[in-house]
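One structure below.
Please treat every number below as a calculation from the coordinates, not as lab data. Keep in mind it's a predicted model, so treat the numbers as computed, not measured. Don't worry about glycine lacking a Cβ; one is built from the backbone with ideal geometry, like all the others, and counts go over all protein chains shown.
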């Protein structure tokens, strides 16, 4: 089946999701407090079975969910995506005990997850992170360079440092945290840990951001972790992070496509009904051509998103390049389409509460998070040259 062709059940499911977003999720979103986790919304996503699908469906289904929800309720889309981003490393790399404790609660919406990678000095350059895991030295005479252990032999560390720009912080129930366990080793010296929010020494604060969803900073003051908290292997945490991002990057593109489509549809309705210069706005060639360009770019982005998602589901070797291309094109396209939609609507689109005013604030952040557009271009170029050198 071509990557861009949806079968009738998928088409019907997308329509159902749009209806659910508008009728059941948007009212809950409107009752939420900007900058804070909307637990009623998360619970409803769980009740509808959408959070469970994060762990039972492939990348294409994830993209269908994110695009459809974004069209009708961006807050619901973001709440779903953040649950997936924070909990997917547990699903993919967690121990049986970790999965048993947390994944059912993530799926039913009773536990909120967060993905804690970025730092004040390590945003786009994630391998430069400085949150460090020091071997625990519990008693006098214990060598500071030796690894302490629990009675069962599991290793112990203390996490110290800062995380910043973390979605769902500081209100999440647990964090997937990436910490440096081997100094000077770059991306090869990072380990992933599952850190419950009530762990001693972990505090946080909210950040007042343009986007309405919760974003905060975390402070780690010798937070204790053991090997039982580890996700994956020691010093291989960067692979955990990149594997998660390779799955979610195309779906960030799907989020962007959903916003672009909502802006395009609003523009079609507005220009078809708005009287101007003795006719309708759509009768002006400049307007009609602009709407055509918006539609063209939106559909091109959609095709690339689902091509990347299909490549992921099929286990293709070019997933990093396709994922980067999809996120780059879709997020840049959405910025363009929403901006043009605002221009064609005029001042009314800037009024607080207007759909486009909302989308105008929402559409900016995806060009930065989960790898800025410049980072995606770097990934694409790196993969292209690697393929050339390999003779592909």
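Scan the range 357-373 and give yes if some residue there is loosely packed, with under 13 Cβ neighbours inside 10 Å and either assigned to a helix (DSSP H, G or I) or in contact with a strand residue (DSSP E or B) (Cβ under 7 Å, 6 or more places away or on another chain) (or both), otherwise no.
Within the range 357-373 (the criterion being loosely packed, with under 13 Cβ neighbours inside 10 Å and either assigned to a helix (DSSP H, G or I) or in contact with a strand residue (DSSP E or B) (Cβ under 7 Å, 6 or more places away or on another chain) (or both)), the answer is no, since none of the residues qualifies.
Exactly one condition in (1) part of a loop (DSSP other than H, G, I, E, B); (2) farther than 28 Å from residue 246 by Cα is false for residue 392; which is it?
Condition not satisfied by residue 392: (2).
Only residues that are in contact (Cβ under 8 Å) with a residue 12 or more places away in the chain and either closer than 18 Å to residue 167 by Cβ or surrounded by fewer than 16 Cβ atoms within 10 Å (Cβ to Cβ) (or both): list them for the range 26-42, please.
Matches in the range 26-42: 29, 32, 34, 35, 36, 37, 38, 39, 40, 41, 42.
Confirm whether residue 349 is closer than 20 Å to residue 72 by Cα, in contact (Cβ under 8 Å) with a residue 40 or more places away in the chain and part of a helix (DSSP H, G or I).
no
Out of 99, 66, report the one residue that is under 22 Å from residue 9 (Cα atoms) and in a helix (DSSP H, G or I).
Residue meeting the stated conditions: 66.
For residues in the range 182-208 being in contact with a helix residue (DSSP H, G or I) (Cβ under 6 Å, 6 or more places away or on another chain) and crowded, with 21+ Cβ neighbours inside 10 Å, which is farthest from residue 240 (Cα to Cα)?
Of the residues in the range 182-208, the ones in contact with a helix residue (DSSP H, G or I) (Cβ under 6 Å, 6 or more places away or on another chain) are 182, 186-187, 190-194.
Right, trim to crowded, with 21+ Cβ neighbours inside 10 Å and you get 190-194.
Values: 190: 10, 191: 9, 192: 7, 193: 10, 194: 12 Å.
Here the answer is 194.
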